[in-house]
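To start, the structure itself, in structure tokens.
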Amino acid sequence: MDREKTRQAVEQIFGDMAGAMTAGMVYVGTRTGLFRAMRGKGPMQVERIVRESGLQPRYVEEWLKGMASAGYLEYEPRTHSFALSDEHAWLLASEGTDHFAGGMFEMVPVLMRFAPRVAEAFAKGGGVPFEEFGSDCVTALDLINRGQYEHRFTEYWLQSLPDVVKKLEAGGRMLDIGCGSGRVCLAFAKAYPKAHITGIDPDAESIARARQLGSRVDFAVGTAASLAGKGRFDLITMCDCLHDLAGPVQTLRDARALLEPDGTLFVVEPKAADRLEDNRNPVATMFYGFSIFHCMTQSLARGGPGLGTCMGPAMAERLLREAGFSSFEILPLKSQVNAFYAARP
């Protein structure tokens, strides 16, 4: 064996294990409000952080040391004080904004709880259906996406399709397939008060949450097929769900049948390249993990193709073309984590 490569492998293994433990500690920081308790307050000693957070001293102390070791907190040895930088606060103590990153860490315990089940599926096949991930998963997905859907969708993303904007402003019809907790629908209802907004999702708990959040949207438990014969839509959105489906092409066919002849399907998918050699980066690595422990496994659990989180734009176009869409466009919108596609019947 090459000694230098062995040293590098050891460093990588310990580094990745440190990353796993850091993810768990960040989850605790967001879940308990520790980051919020430290936001904008400069250097703080342990006793003050305990008072501000109302949490148990020994746990807080060890968490502070761990976060300082990981580089998430600044530590001053002379005064034994800890500080949360404005930059980390911007990402981790900013729930509800379009730049909140804490939702990703909410997925860590959800996914790792099912790691043994997924490992078993490697040998026996099948997987873990979405509904078995439970309410914590619904909460985590909402935290991950909420800020972007509320602050970017209508104000930025949709502006790339001015003809669609005009239709909705005039009272057009919009459908969100796989609407989850309803954040996309609620954003559209707020931006386009004349429009008729519908959200549909097969997960009953997600729809129950969506109904609690807003009353002007028609939320229903079901799939695109269940809306056949109930009118057509000027815009249909599918956000971060196409790659999860057990029947992606059929769902796209059902969506196409629900569109007006001049309607538009707007698809948001995780941003990944078509080639593995172009996906060797932290974002894609995270997505491959999400894929194995959540996205791919829920598709395989229902006999689906298990497209995976990193299916890429070429596969997206292939699916849409197979479903009968005549046009496919990659929208030139800026995002580190999302890719945007528009398709027409």
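Could you tell me whether the stretch 52-67 includes any residue that is without any contact (Cβ under 8 Å) to a residue 60 or more places away in the chain, assigned to a helix (DSSP H, G or I) and of a type in the set (Val, Ile, Thr)?
Residues of the stretch 52-67 that are without any contact (Cβ under 8 Å) to a residue 60 or more places away in the chain, as a first pass: 52-67.
Among the residues that remain, those that are also assigned to a helix (DSSP H, G or I) are: 52-53, 57-67.
Still in the running and of a type in the set (Val, Ile, Thr): 60.
Checked the stretch 52-67: at least one residue is without any contact (Cβ under 8 Å) to a residue 60 or more places away in the chain, assigned to a helix (DSSP H, G or I) and of a type in the set (Val, Ile, Thr).
Filtered by the rule that a residue be β-branched (Val, Ile, Thr) and either part of a helix (DSSP H, G or I) or loosely packed, with under 14 Cβ neighbours inside 10 Å (or both), the stretch 206-224 gives a lone residue, Ile207. Restricting attention to the stretch 156-176, does a residue exist that is of a type outside the set (S, T, N, Q), closer than 22 Å to Leu245 by Cα, assigned to a loop (DSSP other than H, G, I, E, B) and modelled with pLDDT of 95 or more? No: the stretch 156-176 contains no residue that is of a type outside the set (S, T, N, Q), closer than 22 Å to Leu245 by Cα, assigned to a loop (DSSP other than H, G, I, E, B) and modelled with pLDDT of 95 or more.
Just to be sure before I move on: is Glu277 in contact (Cβ under 8 Å) with a residue 12 or more places away in the chain and not hydroxyl-bearing (Ser, Thr, Tyr) in the structure I sent?
On the way: in contact (Cβ under 8 Å) with a residue 12 or more places away in the chain: no; not hydroxyl-bearing (Ser, Thr, Tyr): yes.
In short, no.
Contact map, the stretch 150-169: first residue under 14 Å from Ile197 (Cβ atoms), second residue assigned to a loop (DSSP other than H, G, I, E, B) and among the small types (Gly, Ala, Ser), Cβ cut-off under 6 Å, separation 6 or more or different chains; pairs are Leu168/Ala195.
Here are Arg173, Arg183: which of them is within 26 Å of Ala342 (Cα to Cα), in the same structural domain as Val268 (by TED's automatic domain parsing) and out of contact with any strand residue (DSSP E or B) (no Cβ under 8 Å at 6 or more places or on another chain)?
On the way: Arg173 fails: out of contact with any strand residue (DSSP E or B) (no Cβ under 8 Å at 6 or more places or on another chain).
Sole residue among the options that is within 26 Å of Ala342 (Cα to Cα), in the same structural domain as Val268 (by TED's automatic domain parsing) and out of contact with any strand residue (DSSP E or B) (no Cβ under 8 Å at 6 or more places or on another chain): Arg183.
Of all the criteria given as (1) over 28 Å from Leu111 (Cβ atoms); (2) within 29 Å of the chain's Cα centre (by Cα), the one not satisfied by Trp63 is (1).
Which one of these is in a loop (DSSP other than H, G, I, E, B), buried (at least 16 other Cβ atoms within 10 Å of the Cβ), of a type outside the set (Ser, Thr, Tyr) and at pLDDT 95 or above: Gly324, Gly308? Outline the logic, then answer.
Numbers: Gly324 fails: buried (at least 16 other Cβ atoms within 10 Å of the Cβ).
The conditions single out Gly308.
Quick one: in the stretch 239-288, of everything that is of a type in the set (Gly, Ala, Ser) and assigned to a helix (DSSP H, G or I), which residue is farthest from Ser326 (Cα to Cα)? Talk me through it step by step, then tell me what you get.
Start the filter on the stretch 239-288 by keeping residues that are of a type in the set (Gly, Ala, Ser), which leaves 246-247, 255, 257, 263, 272-273, 284.
Still in the running and assigned to a helix (DSSP H, G or I): 255, 257, 284.
Numbers: Ala255: 14, Ala257: 13, Ala284: 30 Å.
Among them, the one singled out is Ala284.
Looking only at residues in the stretch 75-84 that are in a loop (DSSP other than H, G, I, E, B) and in contact (Cβ under 8 Å) with a residue 12 or more places away in the chain, the one that is nearest to Glu52 (Cα to Cα) is Leu84.
Return yes when Ala272 is buried (at least 22 other Cβ atoms within 10 Å of the Cβ) and either touching a helix residue (DSSP H, G or I) at 6+ places or on another chain (Cβ under 6 Å) or within 28 Å of Lys124 (Cα to Cα) (or both) and no when it is not.
Numbers: buried (at least 22 other Cβ atoms within 10 Å of the Cβ): yes; either touching a helix residue (DSSP H, G or I) at 6+ places or on another chain (Cβ under 6 Å) or within 28 Å of Lys124 (Cα to Cα) (or both): yes.
The answer is yes for Ala272.
Kindly provide the set of residues from the stretch 33-70 that are exposed (fewer than 15 other Cβ atoms within 10 Å of the Cβ) and either among the hydrophobic types (A, V, I, L, M, F, W, C) or on the phi > 0 side of the Ramachandran plot (or both), ordered by number. Passing the criteria: Gly40, Gly42, Gly54.
For every residue, the table says whether it meets (1) surrounded by fewer than 20 Cβ atoms within 10 Å (Cβ to Cβ); (2) assigned to a loop (DSSP other than H, G, I, E, B).
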{"residue": "Trp90", "(1), (2)": "yes, no"}
{"residue": "Glu95", "(1), (2)": "yes, yes"}
{"residue": "Asp98", "(1), (2)": "yes, yes"}
{"residue": "Val108", "(1), (2)": "yes, no"}
{"residue": "Arg117", "(1), (2)": "yes, no"}
{"residue": "Glu120", "(1), (2)": "yes, no"}
{"residue": "Ala123", "(1), (2)": "yes, no"}
{"residue": "Glu132", "(1), (2)": "yes, no"}
{"residue": "Cys137", "(1), (2)": "no, no"}
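The values are calculated or read from the model by the stated rules, or taken from the named source; none is laboratory data. Note that this is a predicted model, so its numbers are computed, not measured. When we count neighbours, we look across all protein chains shown, and the Cβ atoms used for this are built from the backbone with ideal geometry, even at glycine.
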